[in-house]
Every structure is written in structure tokens, then in C-alpha cells.
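K.L.:
Quick one: structure below, then a few questions.
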Amino acid sequence: MGNQKVWFVTGASRGLGLSLVKQLLAAGESVAATSRNKQELINAVGQNTDHFLPLHVDLASEESVARAIQKTHDTFRHIDVVVNNAGYGIGGSIEELTDQEIRASFDVNVFGMLNVIRHVLPFLRARQSGHIINISSIAGIAAGTGWSIYAATKFAVMGLSEVLAQDVKSFGINVTVVAPGAFRTSFLTPESLILAKHPIAAYEDVRASHAKYLTMDGAQAGDPEKAVAVLIQTASQPNPPLYLLLGSDAYQRALRKVELLGDAFSTQEEVAASTDFKQLTPLF
């Protein structure tokens, strides 16, 4: 019991979040889990124990998030690991998606995460310890055709996590940003994926990309139970990694992106230097 942790997990009623909650409870950990539908979460977890705190949370509402984190602290007396898992996919060209659809995706995938981080940090700083795990996507490193807005949200998660890690290091708080590939969860189902309601025929490559991904539903190579086990093991490390790739497809896509950037940047040294102020030649 001395090593027992208290976890706060968002988006816990399905997918990786649900698998994580179940494995944590089976291991004797304490878990506060959030969902937009509390009863659905309770039914999905299927456990009635003092170690499980189901919470209805609207991540886009700062007040709702603040209440949930305070309730977690009041119940378990501290918080050790925060997993920002909530999010959903959105597909379509920028021209095909409405302003409302785009803003809604950022509200959950980015601003909801920021609300959680903002309100949990005072508790973690007070203890001078903790671990924040932000679930991004391989699309946050190497984006694909037809998923520009989803990629934008996940690139944002990567960027904020990188700087957050630097900002909180002196408080003894660790940060890990996770980039999963395709896992056999409900991510490609209508409950977790929004596609443009008014597609434009000219975007043939976008339609082909979406059709390809939809055929993968139920046949993804990634095992969510194994991914969750890695997340739990990562949280137990004294020096956890900042970047965590999950899935062989994520690993390969990340390496290809690194090579692409290296090739692109290495040809630009002369152009980049040409924009500097000219150094004056010393007279003596």
C-alpha cells in the first residue's frame, strides 16, 4: 500500500482510458475517472469500490474541471498521476469543416487538457511531486491527409507538453507526452470520430484517406491492454521519458518524420544565415 498512487484520468468511459482505469483498479490503485456521462462510465468500469471515484465532467468548462479535481483531492487526500486522455478525431479539409466543429475539437482535445493541468498543478506543486501524462497522437508528429484539424490539436498537445516539462521540472513534477499509433479501440467509431458533414467532391485524396482509415476499424495492430500496461509502468519510473511512442506504426512514422525534417533543414543553412545582420569587419 505504501506505493499506491492516486490517478486522475479523463475520457475514461471507452478506449484506452477505460482499459487504463480497469487495470489500475485491478492493481489496487485509486482512480478518479471522468466522463461526459457518469452512468456510462460506472457501467463500463463495472466496479463498486472505495478506490474508484467516477465523475461527470465537462472538460470545456473550467468550473467543472476545478470541482472534479477538488473532489478527487478531498476524497483521496492527494493526486499523483494525471492522464489527459479525453479527445476525439475529426476528419475533413479545412474548407469542409465549420468554425463550430473546429472550435469544439480544440475545446476537448486542447483547452480541456489545459483546464485540467491548470487546476491540478497547485496540488502537485504543494507535494513537490507528480506525473502528468498527456495523450497526443502520432498525428501530432507526422500528420496525414484529411486530418488537418485533428493534427493541429495533437501538435498543440506535443508543444505544450514539451514546455510544460521544462516549467515544472524544478517542482519534482514529470511530464510525458504519448504518441500512439492505431490501436484496436473505439476511436474509429461514430462515438469518437467526426467527419465533415458536407464533403466537397474536389477533395478526392481526403475521401480516399478517410476510406482507408475506416476500413482499419477492428483490425488495428495496436493492443490497447499492452499500451495501458506500458503507461502504468512508465508512471512508476523515477525518470520517465518525455516522449513515448506506442505502436510499431507510430515508431516508423516518427522516424520517417525525423528523416524528412533532417533532409529539409540541412539544405537551408545558407538561406537561414543570409537573413542575419552582417558582421562588421574589424578595422584593426
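Bear in mind that the values in this text are calculations on the coordinates, not laboratory data. Values in this document were obtained by computation on a predicted structure and should not be read as measured data. Every residue, glycine among them, receives a Cβ derived from its backbone with ideal geometry; neighbour counts consider all protein chains shown.
K.L.:
Hey, can you grab everything whose amide H is under 5 Å from the amide H of residue 9? Only 5+ residues off in sequence or another chain; H modelled, so Pro and N-termini drop out.
P.N.:
When sequence neighbours closer than 5 places are left aside, the close amide H contacts are 32, 33, 34, 83.
K.L.:
If you add up the charges near residue 23, with Lys and Arg at +1 and Asp and Glu at -1, over every other residue whose beta carbon is less than 14 angstrom from its beta carbon, what do you get?
P.N.:
Working: positive: 5, 22, 226; negative: 29, 223, 225.
Local charge sum for residue 23: 0.
K.L.:
With the radius of gyration and the Kirkwood radius both derived from the Cα set of the chain, what is their ratio Rg to Rh? List each step's numbers first, then the result.
P.N.:
Details: Rg = 20.8 Å, Rh = 20.2 Å.
When Rh is taken as the Kirkwood radius, the ratio is 1.03.
K.L.:
Please list the non-local residues whose amide H lies under 5 Å from the amide H of residue 91, H modeled 1.01 Å from N, same-chain partners needing a gap of 5 or more.
P.N.:
It is 194, 195, 196, by chain and number.
K.L.:
Could you work out how far helix 148-168 tilts from the main Cα principal axis of the chain, as a 0 to 90 degree angle to the nearest 10?
P.N.:
For helix 148-168, the angle is close to 80 degrees.
K.L.:
How high is the FRET efficiency from residue 268 to residue 127, r the C-beta distance, R0 41 Å, rounded to 0.05? Write down the numbers at each step before the final one.
P.N.:
On the way: r = 45 Å, r/R0 = 1.10.
According to the calculation, E is roughly 0.35.
K.L.:
Percentage of Cα-Cα pair distances in segment 10-61 greater than 12 Å, rounded to whole percent?
P.N.:
On the way: 752 of 1326 pairs.
Above the 12 Å cut-off, segment 10-61 has 57 percent of its Cα pairs.
K.L.:
Right, here's the next one. I need the phi-derived Karplus couplings for segment 65-76: 6.51 cos²θ - 1.76 cosθ + 1.60, θ = phi - 60°, integer Hz, Gly and Pro marked x.
P.N.:
Taking θ as phi minus 60°, the curve returns 5, 4, 5, 5, 5, 5, 4, 4, 5, 5, 7, 9 Hz for segment 65-76.
K.L.:
Another question, then. Could you tally the net charge around residue 35, taking each other residue with its Cβ under 11 Å from the Cβ of residue 35, Lys/Arg +1 and Asp/Glu -1? Walk me through the numbers on the way to the answer.
P.N.:
Working: positive: 14, 36, 38; negative: 40, 58.
Net charge in that neighbourhood comes out at +1.
K.L.:
What angle, in degrees between 0 and 90 and rounded to the nearest 10, separates the Cα long axis of helix 15-26 from the longest principal axis of the Cα atoms of the chain?
P.N.:
Approximately 40 degrees, to the nearest 10.
K.L.:
Mind listing the phi-derived Karplus ³J(HN,Hα) values for segment 102-116, rounded to whole Hz, using 6.51, -1.76 and 1.60 with θ = phi - 60°, and x for any glycine or proline?
P.N.:
After applying 6.51 cos²θ - 1.76 cosθ + 1.60, I find 5, 5, 5, 5, 5, 4, 7, 6, 10, 5, x, 4, 5, 4, 4 Hz.
K.L.:
Further, regarding this structure: Output ³J(HN,Hα) for segment 246-252: one whole-Hz value per residue in order, computed from phi by the Karplus curve 6.51 cos²θ - 1.76 cosθ + 1.60 with θ = phi - 60°, and x for Gly and Pro.
P.N.:
So the J values, rounded to whole Hz, are 10, x, 5, 5, 5, 4, 5.
K.L.:
Report the residue, chosen from 236, 105, 274, that carries the largest GNM mean-square fluctuation when the chain is represented by alpha-carbon nodes joined by springs under 10 Å.
P.N.:
Between 236, 105, 274, it is 274 that shows the largest mean-square fluctuation.
K.L.:
Next question, about the same structure. Does anyone have the angle between helix 204-214 and the longest principal axis of the chain? Alpha-carbon axes, 0 to 90°, nearest 10?
P.N.:
On a 0 to 90 degree scale, this one is about 30.
K.L.:
Which of 44, 202, 229 ends up with the largest GNM mean-square fluctuation for the chain, with Cα atoms connected below 10 Å?
P.N.:
Taking springs between Cα atoms under 10 Å, the residue moving most is 202.
K.L.:
Once you put a point 7 Å from the Cα of residue 71 and another 7 Å from the Cα of residue 99, both along the Cβ direction, what distance in nm separates them?
P.N.:
If labels sit at residue 71 and residue 99, their model points lie 3.4 nm apart.
K.L.:
Another question, then. Which one, 234, 247, 260, projects farthest toward the positive side of the charge dipole computed for segment 223-271 from Cβ point charges (K/R +1, D/E -1)?
P.N.:
234
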